[in-house]
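The values are calculated or read from the model by the stated rules, or taken from the named source; none is laboratory data. In this text the structure is predicted, and so the values were computed from the model without any measurement. Note: ideal-geometry Cβ built from the backbone for every residue, glycine included; neighbour counts use all protein chains shown. In case anyone asks, the SASA skips ligands and DNA or RNA and just uses the protein heavy atoms, side chains included. Shrake-Rupley method; radii C 1.70, N 1.55, O 1.52, S 1.80 Å.
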Amino acid sequence: MQMACRTRASRIAPRPADGYAQSMEIDNEPVTSLDVAREAGVSQSAVSRAFTPGASIAADKRERIIAAAEKLGYRPNPLARSLMRGRSNIVGVGVGDLANPFFVQTLQLLADALDRAGLRLMLFPAHAGSGSGPEPSIHEILHYRIDALVLLSVSPTSDLTEQCRRAQVPVIHFNRTTPAHDASSVVGDNESGARAIAAHLLAGDHRRLAFLAGTPDSSTNAEREAGFAQYLAEQGAPPALQECGEYAFEPSMAATRRLLLRKDRPDAIFCANDTMALAAITVARHEFGLDVGREISIAGYDDVPMAGWPGFALTSYSQPALRMVEETLRLILALRAEPGRHEQVICPGALIVRGSTRPVGLAVRP
């Protein structure tokens with residue numbers, strides 16, 4: 001049995017670029033706005049206005065165009081249309097560590113905020129803390145004509161920074177700063193937060209404190225370590241013992257074991273983020289049998305949702321993720337118009353005291 005094949009006459013002249021998608025093919029030829037215009041009996045510019053919010057076009061003509069588009073299966077391509085206006089409305093986001101709950105939370109908030117602003121998020125992987133800068137894939141970002149680049153705790157290479165400058169693509173660091181301040185940044189108040197934790201632990205009558213550090217090249221780690229050490233020194237307390245947990249769970253478990261196996265075992269540990277603090281609680285409680293919050297205090301930083309779970313009840317200094325995302329969006333919108341300007345934003349947080357640290361005034365002696 002032979003099946004009839006419907007054919008369509010080829011066009012003599014090429015279709016003009018109109019910034020609209022070729023959303024489906026009829027008989028192996030793509031549908032364009034010119035096809036819609038012919039079907040509706042209008043001009044191609046009228047089709048463009050029909051799919052442009054706020055554009056001037058008669059209601060009956062718009063309805064006729066929409067009906068023709070639906071009949072042909074045509075849909076406009078917002079990316080092509082935005083590029084014609086000189087903007088892609090795409091924000092590139094480089095993420096170094098999606099194992100960290102704080103960045104998962106931030107990414108969701110950022111995606112929602114961008115969506116409300118009519119912008120779209122394009123995600124790129126970029127490992128932080130390796131000393132060699134982001135992975136090569138992040139360098140492909142500029143090929144997508146992004147309006148801005150947000151880096152979540154990722155340090156760009158000098159080459160990428162220069163490429164962004166030449167392309168007039170503003171770079172915004174989230175939870176990280178650069179020594180040269182050659183890009184905008186949105187961070188928490190790291191030093192103040194670390195000082196608040198140090199004050200809380202000293203008020204709980206702790207005398208052998210330890211600091212579980214993140215990655216050494218991280219500005220957030222450096223600021224939290226400095227604030228913690230400075231407050232201890234100002235109060236005449238001994239310097240804190242130190243181990244490195246690399247902002248990750250398994251390395252932090254190993255680092256906590258090293259601290260708790262010491263003869264001068266600490267009676268309090270401040271961890272530079274909550275992931276490390278959760279690891280420290282796990283080791284102290286389940287491997288060493290310690291009563292966390294009485295025999296040893298453990299505090300973190302970020303106040304991720306897991307910190308409030310009853311099984312952890314982690315004392316932490318909160319990073320105001322929503323406020324930081326709102327400031328990031330404000331910068332994106334402002335810097336699209338003025339990409340050469342830089343702004344550093346610090347968002348204050350708050351100390352959230354829970355059961356993982358000893359109540360003030362309760363001393364426990366060996």
**OP:** Kindly list the number of the only condition in (1) closer than 30 Å to residue 178 by Cα; (2) outside any helix (DSSP H, G or I) that fails for residue 276.
**Re:** (2)
**OP:** Scan 279, 272 and give me the residue that is crowded, with 16+ Cβ neighbours inside 10 Å, in contact with a Lys or Arg (Cβ under 8 Å, 6 or more places away or on another chain) and closer than 29 Å to residue 151 by Cα.
**Re:** 272
Original post:
Quick one: would you say residue 218 is on the phi < 0 side of the Ramachandran plot, open to solvent by less than 70 Å² (accessible area, probe 1.4 Å) and modelled with pLDDT under 95?
Top reply: yes
Original post:
Among (1) charged (D, E, K, R); (2) over 26 Å from the mean Cα position of the chain (by Cα); (3) closer than 20 Å to residue 203 by Cβ; (4) modelled with pLDDT of 95 or more, where does residue 365 come up short?
Top reply: (4)
Subject >> Yes/no for residue 259 being part of a helix (DSSP H, G or I), in contact with a helix residue (DSSP H, G or I) (Cβ under 9 Å, 6 or more places away or on another chain), over 21 Å from residue 228 (Cβ atoms) and hydrophobic (A, V, I, L, M, F, W, C) >> reply: no
**OP:** Determine which single condition residue 211 fails, assuming it passes every other condition in (1) open to solvent by 10 Å² or more (accessible area, probe 1.4 Å); (2) aromatic (Phe, Trp, Tyr); (3) under 21 Å from residue 319 (Cα atoms).
**Re:** (1)
**OP:** With the condition kept exactly as written, say whether any residue in the range 5-13 is modelled with pLDDT of 55 or more and either among the β-branched types (Val, Ile, Thr) or at positive phi (or both).
**Re:** no
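Within the range 188-217, how many residues are outside any helix (DSSP H, G or I) and under 28 Å from the mean Cα position of the chain (by Cα)?
9
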Subject >> Qualifying positions in the range 325-340 - over 17 Å from the mean Cα position of the chain (by Cα) and free of Cβ contacts under 8 Å to residues at least 24 places away in the same chain >> reply: 334, 337, 338
Original post:
Mind checking which residues of the range 161-182 are outside any strand (DSSP E or B), among the aliphatic types (A, V, I, L, M) and modelled with pLDDT of 85 or more?
Top reply: 169
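Within the range 221-240, is even one residue among the acidic types (Asp, Glu), assigned to a loop (DSSP other than H, G, I, E, B) and surrounded by fewer than 18 Cβ atoms within 10 Å (Cβ to Cβ)?
Within the range 221-240, not a single residue is among the acidic types (Asp, Glu), assigned to a loop (DSSP other than H, G, I, E, B) and surrounded by fewer than 18 Cβ atoms within 10 Å (Cβ to Cβ).
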Original post:
Looking at the range 218-250, which of the residues that are of a type in the set (Asp, Glu) and closer than 23 Å to residue 101 by Cβ is farthest from the chain's Cα centre (by Cα)?
Top reply: 243
Subject >> Residues satisfying the stated conditions in the range 262-303, i.e. closer than 21 Å to residue 228 by Cα, within 30 Å of the chain's Cα centre (by Cα) and β-branched (Val, Ile, Thr) >> reply: 269, 275, 281, 298
Original post:
If you check 119, 123, which single one turns out to be open to solvent by less than 50 Å² (accessible area, probe 1.4 Å) and at pLDDT 85 or above?
Top reply: 119
Original post:
Is at least one residue of the range 165-172 open to solvent by less than 10 Å² (accessible area, probe 1.4 Å), aliphatic (A, V, I, L, M) and free of Cβ contacts under 8 Å to residues at least 60 places away in the same chain?
Top reply: no
